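Here's the structure, in structure tokens; my notes come after.
Bear in mind these aren't lab numbers, they're just calculated from the coordinates by the rules spelled out. Computed from a predicted structure; not experimentally measured. No Cβ is skipped: glycine too gets one built from the backbone with ideal geometry, and neighbour counts run over all protein chains shown.
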């Protein structure tokens, strides 16, 4: 089997332009942008925050560095998933990177849903402004009262009433729903009971964020951080009414849509996590060469040579696994790609967490403080071990795929 993990020549210069903008224009504004969050309302953008973010987005778009996630599409650059991995890694080196190039989660997955499954009205009302970076969106699946790692448990009520559906229930960990620019939700709901097969009971429906009956109860905190102004919100729906045409593909098609949406989303997270690991290793190395203790550079103390070497090797292994999963996705067989996506979904956050943690250790007390981006990076990557399916679920999928080679029975 001939696998290619490289970039086409015409895209190498494009990648370098992205890398240059990340390092030269986005990273220098990170600290100032972050400091603005605590000024006034945490869930609104200050004038300076908006100026930084929208200014960078305008610059990226004017330079044609926009919507790279549209792989194999005539609307984007026609990148393969393998090629996009290199771009996502560069964007992952800064918290602002993905949005500056309009490649943020959950918007990329939601845009794919609108593009693949949405009506012309949805494409005009929601997809167009999302592609232009004018609004944000959220994807609502997880619920507080059921184990949502098994999505057949999703139970938000969605009952047809004439020309409308009526939604009742709660969702949480609704990432991005705190952003004042978030204008639309794609929501996983339950439309059928036990009379239908368990994978035909759920549906996806499009809900305007300002629909009557929607109440944001609270922002969920990740290790004490609310991730404002993006946020991971706990939301209650009380008799929320939406037109029947807002259902995607029809009742009972939720799992079909979810698999099309989550595969790319999972691997995009992994690509960016590798970028975060690279950034942490760079910080670790620079610190080890600049700081002295006991008359020596930190690099020469203890096991720091070994630690740096192990981090480098593990990043390289994770990147290769990520590229292999991306290659399988490019072959167009979602079933064949799934075990590889599950593997990297476990490995990439695990490796990134280790590298970030070692970098924190190299910085000492400063590493857990607000004076470096490492503590925040660690909390974000730790969340990835739960987002889009916890490690245990993905390991189960990997094991089932492995065992199936040796038995005709379902495992």
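By how many nm would the segment from residue 12 to residue 313 grow when fully extended, if each residue of separation counts as 0.36 nm and the alpha-carbon distance is taken off?
Result for the pair: 106.0 nm of gain on full extension.
Taking the Cα centroid of the stretch 350-411 and of the stretch 1-60, what is the distance between the two, rounded to the nearest whole Å?
Cα centroid to Cα centroid, the span is 24 Å.
Can you tell me how the stretch 53-143 classifies by the Cα gyration tensor, rounded, prolate or oblate, using a/c under 1.5 as the rounded cut?
Rounded.
Okay, helix-only estimate at 222 nm for the chain: each DSSP H run of n ≥ 4 adds -39500 (n - 2.57), divide by all residues, round to 500 deg cm²/dmol; what do you get?
-15000 deg cm²/dmol
So how do 285, 311 line up by other beta-carbon neighbours within 10 Å, fewest first?
Ascending Cβ contact count within 10 Å gives the list 285, 311.
For helix 107-117, what angle does its Cα long axis make with the longest principal axis of the chain, in degrees from 0 to 90 and rounded to 10?
40
Whole angstrom only: what separates the Cα centroid of the stretch 186-251 from the Cα centroid of the stretch 68-100?
Their Cα centres are 27 Å away from one another.
Please report how far the C-alpha centroid of the stretch 263-307 lies from that of the stretch 310-340, rounded to the nearest whole angstrom.
What the calculation gives is 22 Å, centre to centre.
Working out 0.36 nm times the residue gap between residue 405 and residue 121, then minus their Cα-Cα distance, what length gain in nm do you get to one decimal?
97.7 nm
Simple spin-label model, 7 Å along Cα-to-Cβ: residue 128 to residue 286 in nm?
Going by the 7 Å Cα→Cβ label model, 4.4 nm.
Under the rule a/c < 1.5 gives rounded, and otherwise a/b versus b/c splits prolate from oblate, where does the stretch 137-247 land using the Cα gyration tensor?
oblate
Using alpha carbons only, how many degrees (0 to 90, rounded to 10) separate the axis of helix 254-290 from the longest principal axis of the chain?
Between helix and principal axis, roughly 20 degrees.
For residue 241 and residue 379, calculate 0.36 nm times their separation in residues minus their Cα-Cα distance, and state this gained length in nm to one decimal.
Roughly 46.1 nm would be gained on extension.
Relative contact order of the chain: what whole-number percent is it, with Cα pairs under 8 angstrom and at least 6 residues apart?
This gives 14 percent for the chain.
Quick one: among 108, 81, 383, which has the greatest mean-square fluctuation in a GNM of the chain with alpha-carbon springs under 10 angstrom?
383
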